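**Student:** Below is a structure I'd like to ask you about.
Only the coordinates and a few stated rules stand behind these numbers; no lab work does. A quick note: this is a predicted structure, and the numbers were derived from the prediction, not measured. Glycine gets a Cβ as well: all are built from the backbone with ideal geometry, and neighbour counts include every protein chain shown.
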Amino acid sequence: MEGLSSRFGSTMRTVVQWFFMFWVAGIGIRFGMFVNSVESGATSSLVSRPAGVEGFLPIGALTSLKYWLVSGEIHPVHPAALVIFLTILLMSLLAKKSFCSWLCPVGTLSEVVYKLGRKVFGSNFRIWLWLDLLLRGIKYLLLLLFLAAILIGMSGEKIVTFLDAPYWAVSDVKMLHFFTKMSGTTMVVLAALTFLSLFYKMFWCRYLCPYGALLGLASAMSPFKIRRDATGCTGCQRCSAACPSGLAVHSSRAVSSPECTGCLTCVAHCPERDVLAMQPVFWKQPLPVWVFPAVVVFIFMAGIGSGMVSGHWQSSLSYSDYQRLIPLVKNLSH
Ligand code: SF4
Ligand code: SF4
């Protein structure tokens, strides 16, 4: 029998995931209305631009991070991108890759798709271990390319030119158009990824997402880890079978893999009481199951709140800036 308390973690996660999904959808709709006002020639918008939309600009955020490190100041165009990026990084440093399994809408949708695949085809499939390891390397390679291109390849001067340019100013609009004016190629790629995700758990997250790769590396420092009490473990392997990241939980004292997203699925599937738990290394007693979800949500709220309170949330661009720049969007490229 699965323990009630261990299932609580999973239920909490579902609630947080869907709350966040609807919140993000609300941000998207509101930003769409804002852009629509500009595009339709209205002199003002009924809704203000939601700064949270900048969460979709992680590459620009990385550029902003370098600007901050070099100049000591936060660039005023799209500062929320950096605030969200740093918050998510902090979440990983303290609470595993929890952004991926608790908040990221792509992660939530990927879960829906693989569970649908399991219903339709009876089970999900596993790629041969050697190929799985090889494919997992792709996301680290992509991360390396981005880090090298931005942190090493772009001089301080180039960074300033990029952040001051119209391209960065309207990158949020370009991102919106990516979804609302999807090209044929984008549709084919998304359809292929969805198709593969039906068969293989978390295909995008596991093999291709460079953001997840960065968060995984940062999560190595997390004091929270899944810990297994070997004395009470019967070796049934239900934890490993359920793990969406395909980790061998049943044979680890503590799961240190950068692939662990802190989803607590293994905990929910362990039939033994107090054998598996998400615990900080310094805490030896069983920890109430609500603690980890509370830590995850608290870090996120605290990070975003700090950005808002310190005045690094709203972009410096005005409605008239968007009126001037949006007609140029089609012709702007970096
Ligand atoms: S080890 Fe547990 S918490 Fe980590 S990804 Fe696997 S199921 Fe989720
Ligand atoms: S940790 Fe729990 S689910 Fe995993 S092998 Fe041991 S008893 Fe089974």
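**Student:** Looking at the structure I just gave you, is Val249 among the β-branched types (Val, Ile, Thr), without any contact (Cβ under 8 Å) to a residue 40 or more places away in the chain, within 16 Å of ligand 2 (Cβ to nearest atom) and within 25 Å of Leu116 (Cβ to Cβ)? Let's see the steps before the verdict.
**Tutor:** Values: among the β-branched types (Val, Ile, Thr): yes; without any contact (Cβ under 8 Å) to a residue 40 or more places away in the chain: yes; within 16 Å of ligand 2 (Cβ to nearest atom): yes; within 25 Å of Leu116 (Cβ to Cβ): yes.
Yes.
**Student:** Of Leu116, Leu129, which residue is in contact with a helix residue (DSSP H, G or I) (Cβ under 8 Å, 6 or more places away or on another chain) and either exposed (fewer than 14 other Cβ atoms within 10 Å of the Cβ) or closer than 21 Å to Leu190 by Cα (or both)? Full working, then the answer.
**Tutor:** Working: Leu129 fails: in contact with a helix residue (DSSP H, G or I) (Cβ under 8 Å, 6 or more places away or on another chain).
Sole residue among the options that is in contact with a helix residue (DSSP H, G or I) (Cβ under 8 Å, 6 or more places away or on another chain) and either exposed (fewer than 14 other Cβ atoms within 10 Å of the Cβ) or closer than 21 Å to Leu190 by Cα (or both): Leu116.
**Student:** Sticking with this one: Tally the residues that are assigned to a loop (DSSP other than H, G, I, E, B) and more than 13 Å from ligand 1 (Cβ to nearest atom), restricting the search to the range 287-308. Steps first, answer last, please.
**Tutor:** Of the residues in the range 287-308, the ones assigned to a loop (DSSP other than H, G, I, E, B) are 287-290.
Still in the list and also more than 13 Å from ligand 1 (Cβ to nearest atom): 287-288, 290.
Counting residues in the range 287-308 that are assigned to a loop (DSSP other than H, G, I, E, B) and more than 13 Å from ligand 1 (Cβ to nearest atom) gives 3.
**Student:** Could you list all residues from the range 309-326 that are of a type outside the set (A, V, I, L, M) and assigned to a loop (DSSP other than H, G, I, E, B)? It would help to see each step written out before you state the result.
**Tutor:** Restricting attention to the range 309-326, the residues satisfying the condition of being of a type outside the set (A, V, I, L, M) are 310-316, 318-324.
Correct list: Ser310, Gly311, His312, Trp313, Gln314, Ser315, Ser316, Ser318.
**Student:** Collect the residues in the range 297-318 that are in contact with a Pro (Cβ under 8 Å, 6 or more places away or on another chain) and hydrophobic (A, V, I, L, M, F, W, C), keeping them in residue-number order.
**Tutor:** From the range 297-318, those in contact with a Pro (Cβ under 8 Å, 6 or more places away or on another chain) are 307, 312-316; that's our starting set.
Selection gives Trp313 alone.
**Student:** Are any residues in the range 266-281 among the β-branched types (Val, Ile, Thr) and out of contact with any helix residue (DSSP H, G or I) (no Cβ under 7 Å at 6 or more places or on another chain), and if so, which ones?
**Tutor:** Within the range 266-281, the subset among the β-branched types (Val, Ile, Thr) is 267, 275, 281.
The answer is Val275, Val281.
**Student:** Pull up the range 257-286, narrow it to residues that are more than 11 Å from ligand 1 (Cβ to nearest atom) and of a type in the set (Val, Ile, Thr), then point me to the one that is nearest to the chain's Cα centre (by Cα). Explain how you work it out, then say what you get.
**Tutor:** Keep residues of the range 257-286 that are more than 11 Å from ligand 1 (Cβ to nearest atom), which gives 271-275, 279-286.
Adding the requirement that they be of a type in the set (Val, Ile, Thr) leaves 275, 281.
Working: Val275: 29, Val281: 24 Å.
Of everything passing the filter in the range 257-286, Val281 is nearest to the chain's Cα centre (by Cα).
**Student:** Give me the pairs, please: first residue somewhere in the range 225-245 and in contact (Cβ under 8 Å) with a residue 40 or more places away in the chain, second residue anywhere and near ligand 2 (Cβ under 8 Å from one of its atoms) and assigned to a loop (DSSP other than H, G, I, E, B), beta-carbon distance under 8 Å, and either six or more positions apart or on two chains.
**Tutor:** Within 8 Å, the pairs are Arg228/Val275; Asp229/Val275; Gly232/Glu272; Gly232/Val275; Cys233/Glu272; Cys233/Val275.
**Student:** State which residue pairs qualify: first residue in contact (Cβ under 8 Å) with a residue 24 or more places away in the chain and of a type in the set (D, E, K, R) and inside the range 98-127, second residue part of a loop (DSSP other than H, G, I, E, B) and surrounded by 18 or more Cβ atoms within 10 Å (Cβ to Cβ) in any location, beta carbons under 8 Å apart, and separation of 6 or more residues or different chains.
**Tutor:** From residues that are in contact (Cβ under 8 Å) with a residue 24 or more places away in the chain and of a type in the set (D, E, K, R), the pairs are Glu111/Met202; Glu111/Pro244; Arg126/Tyr200; Arg126/Gly246.
**Student:** Restricting attention to the range 219-238, does a residue exist that is in a helix (DSSP H, G or I), of a type outside the set (A, V, I, L, M), within 15 Å of ligand 1 (Cβ to nearest atom) and within 29 Å of Gly122 (Cβ to Cβ)? Before the answer, list the steps.
**Tutor:** So in the range 219-238, the residues in a helix (DSSP H, G or I) come out as 219-221, 238.
Adding the requirement that they be of a type outside the set (A, V, I, L, M) leaves 219, 238.
Add one more test, that the residue is within 15 Å of ligand 1 (Cβ to nearest atom), and what stays is 219, 238.
Now drop any that are not within 29 Å of Gly122 (Cβ to Cβ), which leaves 238.
Within the range 219-238 (the criterion being in a helix (DSSP H, G or I), of a type outside the set (A, V, I, L, M), within 15 Å of ligand 1 (Cβ to nearest atom) and within 29 Å of Gly122 (Cβ to Cβ)), the answer is yes, since at least one residue qualifies.
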